Amino acid sequence: MRVVLDMTQGLRGHNITCDNFFTSYSLGQELLKSKLTMVGTVRKNKPELPSALLNMQNRAVNSSKFAFTDTTIVVSYSPKKRKNVLLMSTLRHDAAVISRDDRKPTIFLDYNANKGGVDNLDKVTENVYPQLLQPLSESSKLRTLLHQCLLYLCLCYLALLHLCLLYLALLHLCLLYLALLHLCLRLGRNLNGARAVLQT
């Protein structure tokens, strides 16, 4: 939770999309205090989940179950027999579903529209850290998470460096323009002086 709160510090009025590693009820409440909303997949072992959302017996395919608090909604969606996808949101507070054959809850639209960053992180870590797919000890999980954070800090640094280089190139062009303008003005003065000398 601390990682997400640190990364969103200073932001207001945005929606944060998380994967199930970060999504929790307490994170959603903390983000709301900062005027941020959250949408994310939820692990089935979270203690705050009602048992009615986890029970898949006699659940129809493409059916949904919802649980609400004043600020949060959790939905359990069954895309296939005995498959359960859980999403938590502080962005929406309704049980609306899409009028298509799959009858997905509209919360899925919110998640799918912004999950690109989550998927990119998963792809990067899958290639760089294949041990994430195996059971890890607590220290290994922490070490792997720190490696992921360092990787993204490096990517952010490179992006910032790229912006700085663009800024320096723009500054260089401005200086060249000013130097050229100065030369043109001096040349103009010299030409005017030469004309004055020729006329006398």
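Comparing Asn45, Ala96, Ser63 along the charge dipole axis of the stretch 2-114, the residue lying farthest to the positive side is Ser63, per the Cβ-charge model. Annotation: lysines with alpha-carbon distance below 25 angstrom to Lys83 (same-chain offsets under eight excluded): Lys44, Lys46, Lys65, Lys104, Lys115, Lys123.
Bear in mind these aren't lab numbers, they're just calculated from the coordinates by the rules spelled out. The structure presented is a predicted model; accordingly, all values stated were derived computationally and were not measured. When we count neighbours, we look across all protein chains shown, and the Cβ atoms used for this are built from the backbone with ideal geometry, even at glycine.
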